[in-house]
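Take a look at the structure below.
Every read-out reported here was derived from the displayed coordinates using simple, explicitly stated rules and does not represent laboratory data. Computed from a predicted model, the values in this text were never measured in an experiment. Here the Cβ is made from the backbone with ideal geometry for all residues, glycine too, and neighbour counts use every protein chain on show.
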């Protein structure tokens with residue numbers, strides 16, 4: 001369990017993986033808002049935890065298969081800034097999957113809560129295309145069948 005506690009957002013699809021992230025001083029820029037490139041870090045953390053929740057730690061997967069995921073393309077649209085001490089919910093959801101690549105849709109929501117309700121506001125959304133490569137040669141390969149099966 002994360003130190004932020006369980007995060008189940010009624011406004012989010014329950015089939016979408018959700019990962020909580022707290023905004024720290026180091027995440028912000030001189031204007032006091034989250035530096036735009038940090039959303040890519042948050043997306044990476046959510047994808048890593050999603051794979052871990054499916055039973056695939058990335059180092060173990062690399063050691064066992066000799067391969068790894070690499071980012072080949074990304075797009076991000078920013079809607080609203082996050083600030084120091086905000087709690088975000090960062091999601092990961094498979095959009096398309098093939099034998100050698102995946103496209104993941106990711107979103108970062110601001111989590112706000114009071115005594116009566118919890119709500120989430122979309123801050124950033126993007127798509128990340130991942131390719132599977134041999135970890136030594138970086139040549140494209142096939143995603144291991146157990147990984148593809150778990151993503152279905």
Consider residue 59 against the criteria (1) within 30 Å of residue 25 (Cβ to Cβ); (2) in contact with a strand residue (DSSP E or B) (Cβ under 7 Å, 6 or more places away or on another chain): it satisfies all of them except one. Which criterion is unmet?
-> (2)
Would you mind finding the one in 48, 112, 91 that is crowded, with 18+ Cβ neighbours inside 10 Å and either within 22 Å of residue 16 (Cα to Cα) or in contact with a strand residue (DSSP E or B) (Cβ under 7 Å, 6 or more places away or on another chain) (or both)?
-> 91
Residues of segment 118-151 satisfying the condition of being in contact with a strand residue (DSSP E or B) (Cβ under 8 Å, 6 or more places away or on another chain) and part of a loop (DSSP other than H, G, I, E, B) | 135, 138, 139, 141, 142, 143, 144
By residue number, the members of segment 86-96 that are within 16 Å of the chain's Cα centre (by Cα) and in contact (Cβ under 8 Å) with a residue 40 or more places away in the chain are 87, 88, 89, 90, 91, 92, 93, 94
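What do you reckon, is residue 115 over 16 Å from residue 68 (Cβ atoms) and assigned to a loop (DSSP other than H, G, I, E, B)?
For residue 115, the condition - over 16 Å from residue 68 (Cβ atoms) and assigned to a loop (DSSP other than H, G, I, E, B) - is met.
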Kindly establish whether residue 83 is without any contact (Cβ under 8 Å) to a residue 24 or more places away in the chain and either over 17 Å from the mean Cα position of the chain (by Cα) or surrounded by fewer than 16 Cβ atoms within 10 Å (Cβ to Cβ) (or both).
-> no
Identify, please: which residue in segment 119-149 is exposed (fewer than 14 other Cβ atoms within 10 Å of the Cβ) and either touching a helix residue (DSSP H, G or I) at 6+ places or on another chain (Cβ under 7 Å) or in contact (Cβ under 8 Å) with a residue 60 or more places away in the chain (or both) and is, among those, nearest to residue 18 (Cα to Cα)?
-> 119
